[in-house]
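A.B. asks: Shown below is the structure under consideration.
The values are calculated or read from the model by the stated rules, or taken from the named source; none is laboratory data. The model shown is predicted, which means the values in this text are computed figures rather than measured ones. Cβ atoms come from the backbone with ideal geometry, glycine included; neighbour counts cover every protein chain shown.
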Amino acid sequence: MEEILSVKNIRKSYGDITVLDDVSLNVSTGEVVVIVGPSGCGKSTFLRCLNGLEEIQEGQVILDGKVIDTEKDDLFSIRERIGMVFQSYELFPHLSVMQNLLLAPVKVKKRNKKEAEAQAQELLERVGLLSKKDSFPRQLSGGQKQRVAIIRALMMHPEILLLDEITAALDPEMVREVLEVVLDLAKEGRTMIIVTHELAFARAVADRMIFIDGGKIVEEGTPEEFFDDPKTDRLKRFLHSFLYED
Amino acid sequence: MGFEVLLKGSNLIRLLEGLAVALKISLISVAISIVLGTILGVIMSMDNKVIKGITRVYLEIVRIMPQLVLLFIVYFGATKVMGINISAEASSVIVFSFWGIAEMSDLVRGALKGIPAIQYESGIALGLSPVQTNIYVIIPQVIRRLIPLSINLITRMIKTTSLIMMIGIVEVLKVGQQIIEANRNSSPNAAFGVFLTIFVLYFIACWPISRFSKYLERKWET
């Protein structure tokens, strides 16, 4: 498969604290990569480095064969191509659902409003929220907000979607409705890099699993190898912490 | 009841003129406070240590010092010490702006700080430029937070103009006193009627403003 994103030896630190240490990763078109790891291991920072929300000290992020230069302002076009969904949804509270969906397509891509609206309706329909198109974010549940946030990112036709712990702030009964949307996206062949704590979901959606600890990729592999036959002690311990055995 | 004095001569017109003086001074001060206070608030939210120190001292002075004392310092003090002659009206505008800028800047700073940084990132992550993110995402939210608070400040400033008669400005309260004094023998109850009228005048001046604020709050709540 064609390689769309390539991360080469990136290093990121805040002062003396190294958050990411020589991390490399290649992602092919249509691939779903799931990153897990203990809190504070650098996995969210890793995602934020990919779309330039965090500056990297060393290394390269290569999108579609072109090295991203954070010094230049081609970051905007990068962010159009790499969509991101946050843990805390971050819908714009002063705008209705429809306005949230249309803002970036109309202002950034200069798309025709009617045509963008038609697409927004279609996406809302798909995630079962068409009736909420004129609601404001505060009138939605967490799960509904997160579904809107996902399709808001999709409105920009991103080539890659970054999902940063998108169910971590949700009540347990709302997790599923959001993850089903993501599974659906995976099925249609969307390229995604997902950070999550939902291991069962990770196993279901991932083409490749990655375990980050202490700012380094400690282990990676197919979901089967990863969950059933972990190689490193650290991953074994991590996976074990999710089990409740007598 | 003492209302009859209002109908004598041009008393009611004089009261209204007095109100106009009070409103003029407060509205000029409000306009200055909103513009300069907003600019200062934006500067304050940049977290520069030196600016933080200076503005904290400024805010504390404004909060601790009664407005009347400030009025006396500027009007009587400045004239004597610095030998400059500031008119009573100019002194009032200076003092009210000094107060208003401080309060407004603190409101703006609070509103800006209240918007989580990740809202900004969320706009950026969608491909909006920093300028677009500010225009479409951040500023509308800041304004919505700011309006009820700043309207509260505006009505407080209008009310507090009743102090300016202490430095000799003939505003509505002073006119009221003059009317009461002049009619002490013919209408001994004039105090009640006149002050009640002044109460109503202040209410008419401030009420629409606070209704407008309520309206906006409700409109934006949905």
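A.B. asks: Evaluate region B:204-211: report whether one residue or more is in contact (Cβ under 8 Å) with a residue 60 or more places away in the chain and more than 30 Å from A:LEU154 (Cα to Cα). Spell out how you get there, then give the answer.
C.D. replies: The initial filter retains those residues of region B:204-211 that are in contact (Cβ under 8 Å) with a residue 60 or more places away in the chain, namely B:205.
Adding the requirement that they be more than 30 Å from A:LEU154 (Cα to Cα) leaves B:205.
Within region B:204-211, one or more residues are in contact (Cβ under 8 Å) with a residue 60 or more places away in the chain and more than 30 Å from A:LEU154 (Cα to Cα).
A.B. asks: Quick one: is A:VAL32 more than 14 Å from chain B (Cβ to nearest Cβ), touching a strand residue (DSSP E or B) at 6+ places or on another chain (Cβ under 6 Å) and closer than 20 Å to B:ILE124 by Cβ? Give the derivation first.
C.D. replies: Working: more than 14 Å from chain B (Cβ to nearest Cβ): yes; touching a strand residue (DSSP E or B) at 6+ places or on another chain (Cβ under 6 Å): yes; closer than 20 Å to B:ILE124 by Cβ: no.
Considered against the rule, which asks whether it is more than 14 Å from chain B (Cβ to nearest Cβ), touching a strand residue (DSSP E or B) at 6+ places or on another chain (Cβ under 6 Å) and closer than 20 Å to B:ILE124 by Cβ, A:VAL32 comes out as no.
A.B. asks: Sort out which residues of region B:191-203 are touching a helix residue (DSSP H, G or I) at 6+ places or on another chain (Cβ under 9 Å) and in contact (Cβ under 8 Å) with a residue 40 or more places away in the chain, and write them in order of number.
C.D. replies: Initially, region B:191-203 is screened for residues touching a helix residue (DSSP H, G or I) at 6+ places or on another chain (Cβ under 9 Å), giving B:191, B:193-195, B:197-198, B:201-202.
Passing the criteria: B:ALA191, B:GLY193, B:VAL194, B:THR197, B:ILE198, B:LEU201, B:TYR202.
A.B. asks: Continuing with the same structure: Of everything in region A:107-119, what is modelled with pLDDT of 95 or more and buried (at least 17 other Cβ atoms within 10 Å of the Cβ)? Give them in sequence order.
C.D. replies: Selection gives A:ALA116, A:GLU117, A:GLN119.
A.B. asks: To continue, here is another question. What about A:GLU122, is it in contact with a helix residue (DSSP H, G or I) (Cβ under 8 Å, 6 or more places away or on another chain), in a helix (DSSP H, G or I), modelled with pLDDT of 95 or more and away from chain B (no Cβ under 12 Å)?
C.D. replies: Working: in contact with a helix residue (DSSP H, G or I) (Cβ under 8 Å, 6 or more places away or on another chain): no; in a helix (DSSP H, G or I): yes; modelled with pLDDT of 95 or more: yes; away from chain B (no Cβ under 12 Å): yes.
Spelling it out, it is not the case that A:GLU122 is in contact with a helix residue (DSSP H, G or I) (Cβ under 8 Å, 6 or more places away or on another chain), in a helix (DSSP H, G or I), modelled with pLDDT of 95 or more and away from chain B (no Cβ under 12 Å).
A.B. asks: Separate question: Does B:SER187 qualify as being small (Gly, Ala, Ser) and either surrounded by fewer than 19 Cβ atoms within 10 Å (Cβ to Cβ) or modelled with pLDDT under 90 (or both)? Talk me through it step by step, then tell me what you get.
C.D. replies: Values: small (Gly, Ala, Ser): yes; either surrounded by fewer than 19 Cβ atoms within 10 Å (Cβ to Cβ) or modelled with pLDDT under 90 (or both): yes.
So B:SER187 fits the description; yes.
A.B. asks: Would you kindly identify the helices (runs of 4 or more DSSP H) lying entirely within region B:131-222 that contain at least 1 residues that are under 19 Å from the mean Cα position of the chain (by Cα) and more than 19 Å from B:GLU17 (Cβ to Cβ)? Walk me through it before giving the result.
C.D. replies: Numbers: elements: B:139-160, B:172-182, B:190-221.
Result: B:139-160, B:190-221.
Listed here are the residues, each with its yes/no results for (1) under 19 Å from B:GLN67 (Cβ atoms); (2) within 14 Å of chain A (Cβ to nearest Cβ); (3) touching a His at 6+ places or on another chain (Cβ under 6 Å); (4) surrounded by fewer than 18 Cβ atoms within 10 Å (Cβ to Cβ).
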position	(1), (2), (3), (4)
B:ASN134	no, yes, no, yes
B:ASN152	yes, no, no, yes
B:THR155	yes, no, no, no
B:THR161	yes, no, no, no
B:THR197	no, no, no, no
B:TYR202	yes, no, no, no
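A.B. asks: Applying the selection to region B:111-153, what residues are touching a residue at least 40 places away in the same chain (Cβ under 8 Å) and among the polar types (S, T, N, Q)?
C.D. replies: Listed by number, the residues that qualify are B:SER150, B:ASN152.
A.B. asks: Out of everything in region A:106-119 that is among the charged types (D, E, K, R) and within 14 Å of chain B (Cβ to nearest Cβ), what residue ends up being farthest from B:TYR136 (Cα to Cα)? Before the answer, list the steps.
C.D. replies: Initial filter on region A:106-119 (among the charged types (D, E, K, R)): A:107, A:109-111, A:113-115, A:117.
Filter once more, keeping what is within 14 Å of chain B (Cβ to nearest Cβ): A:107, A:109-111.
Values: A:LYS107: 9, A:LYS109: 15, A:LYS110: 15, A:ARG111: 17 Å.
Per the criteria, the residue is A:ARG111.
A.B. asks: If you don't mind, another one. In region B:97-130, which residues are facing chain A (nearest Cβ under 10 Å) and in a helix (DSSP H, G or I)? Give the derivation first.
C.D. replies: Looking only at region B:97-130, we keep the residues that are facing chain A (nearest Cβ under 10 Å), and these are B:115-116, B:118-130.
Across region B:97-130, the qualifying residues are B:ILE118, B:GLN119, B:TYR120, B:GLU121, B:SER122, B:GLY123, B:ILE124, B:ALA125, B:PRO130.
A.B. asks: List the number of the failed condition for B:ALA125; all other conditions in (1) surrounded by fewer than 19 Cβ atoms within 10 Å (Cβ to Cβ); (2) more than 23 Å from the chain's Cα centre (by Cα); (3) not polar (S, T, N, Q) hold.
C.D. replies: B:ALA125 satisfies every listed condition except (1).
A.B. asks: Kindly indicate whether any position in region B:80-90 is in contact with a helix residue (DSSP H, G or I) (Cβ under 8 Å, 6 or more places away or on another chain), assigned to a helix (DSSP H, G or I), more than 14 Å from every other protein chain (Cβ to nearest Cβ) and over 22 Å from B:ARG145 (Cα atoms). Give the derivation first.
C.D. replies: We begin by selecting, within region B:80-90, every residue in contact with a helix residue (DSSP H, G or I) (Cβ under 8 Å, 6 or more places away or on another chain); these are B:84-86, B:88-89.
In the following step, the residues that additionally are assigned to a helix (DSSP H, G or I) were identified as B:88-89.
If we keep only those that are more than 14 Å from every other protein chain (Cβ to nearest Cβ) too, we end up with B:88-89.
Filter once more, so that each one left must be over 22 Å from B:ARG145 (Cα atoms): B:88-89.
Yes, the conditions are met somewhere in region B:80-90.
A.B. asks: Which residue out of A:VAL7, A:VAL32 is without any contact (Cβ under 8 Å) to a residue 60 or more places away in the chain and closer than 22 Å to A:ASP207 by Cα? So that I can check it myself, show each step before the final result.
C.D. replies: On the way: A:VAL32 fails: without any contact (Cβ under 8 Å) to a residue 60 or more places away in the chain.
Criteria check complete, one pass: A:VAL7.
A.B. asks: A further question on this structure: Taking into account only those residues within region B:81-122 that are polar (S, T, N, Q) and crowded, with 21+ Cβ neighbours inside 10 Å, which is farthest from B:LEU71 (Cα to Cα)? Show your work before the answer.
C.D. replies: Applying the first criterion (polar (S, T, N, Q)) to region B:81-122 yields B:85, B:87, B:91-92, B:97, B:105, B:119, B:122.
Right, trim to crowded, with 21+ Cβ neighbours inside 10 Å and you get B:91-92, B:97, B:105, B:122.
Numbers: B:SER91: 7, B:SER92: 7, B:SER97: 11, B:SER105: 21, B:SER122: 47 Å.
Of everything passing the filter in region B:81-122, B:SER122 is farthest from B:LEU71 (Cα to Cα).
A.B. asks: Then there is this: Looking at this structure, is A:VAL175 aliphatic (A, V, I, L, M), modelled with pLDDT of 95 or more and touching an Asp or Glu at 6+ places or on another chain (Cβ under 9 Å)? So that I can check it myself, show each step before the final result.
C.D. replies: Details: aliphatic (A, V, I, L, M): yes; modelled with pLDDT of 95 or more: no; touching an Asp or Glu at 6+ places or on another chain (Cβ under 9 Å): yes.
Here the answer is no, as A:VAL175 does not meet what is asked.
A.B. asks: Does A:SER88 count as under 28 Å from A:ASP184 (Cα atoms), facing chain B (nearest Cβ under 10 Å) and of a type outside the set (D, E, K, R)?
C.D. replies: Numbers: under 28 Å from A:ASP184 (Cα atoms): yes; facing chain B (nearest Cβ under 10 Å): yes; of a type outside the set (D, E, K, R): yes.
When the stated conditions are applied, A:SER88 passes them.
A.B. asks: Just to be sure, is B:ILE25 surrounded by 13 or more Cβ atoms within 10 Å (Cβ to Cβ), free of Cβ contacts under 8 Å to residues at least 12 places away in the same chain and part of a helix (DSSP H, G or I)?
C.D. replies: Working: surrounded by 13 or more Cβ atoms within 10 Å (Cβ to Cβ): yes; free of Cβ contacts under 8 Å to residues at least 12 places away in the same chain: no; part of a helix (DSSP H, G or I): yes.
When the stated conditions are applied, B:ILE25 does not pass them.
A.B. asks: I need a count of the residues in region A:134-149 that are surrounded by fewer than 22 Cβ atoms within 10 Å (Cβ to Cβ) and within 14 Å of chain B (Cβ to nearest Cβ).
C.D. replies: Number satisfying all stated conditions: 7.
A.B. asks: Could you check, for region A:64-79, whether at least one of its residues is among the charged types (D, E, K, R), out of contact with any Asp or Glu (no Cβ under 9 Å at 6 or more places or on another chain) and more than 14 Å from chain B (Cβ to nearest Cβ)? Before the answer, list the steps.
C.D. replies: We begin by selecting, within region A:64-79, every residue among the charged types (D, E, K, R); these are A:64, A:66, A:69, A:71-74, A:79.
Restricting the remaining residues to those that are out of contact with any Asp or Glu (no Cβ under 9 Å at 6 or more places or on another chain) gives A:69, A:71-74, A:79.
Next cut, more than 14 Å from chain B (Cβ to nearest Cβ) only: A:69, A:71.
There is at least one residue in region A:64-79 that is among the charged types (D, E, K, R), out of contact with any Asp or Glu (no Cβ under 9 Å at 6 or more places or on another chain) and more than 14 Å from chain B (Cβ to nearest Cβ).
A.B. asks: Let me ask something additional. When the residues of region A:224-240 are filtered to those that are part of a helix (DSSP H, G or I) and touching an Asp or Glu at 6+ places or on another chain (Cβ under 8 Å), which remaining residue is surrounded by the fewest Cβ atoms within 10 Å (Cβ to Cβ)? Show your work before the answer.
C.D. replies: Pass one, region A:224-240, residues part of a helix (DSSP H, G or I): A:224-228, A:233-240.
Now narrow it down to the ones that are touching an Asp or Glu at 6+ places or on another chain (Cβ under 8 Å): A:226, A:234-235, A:238.
Working: A:PHE226: 24, A:ARG234: 16, A:LEU235: 21, A:PHE238: 20.
Among them, the one singled out is A:ARG234.
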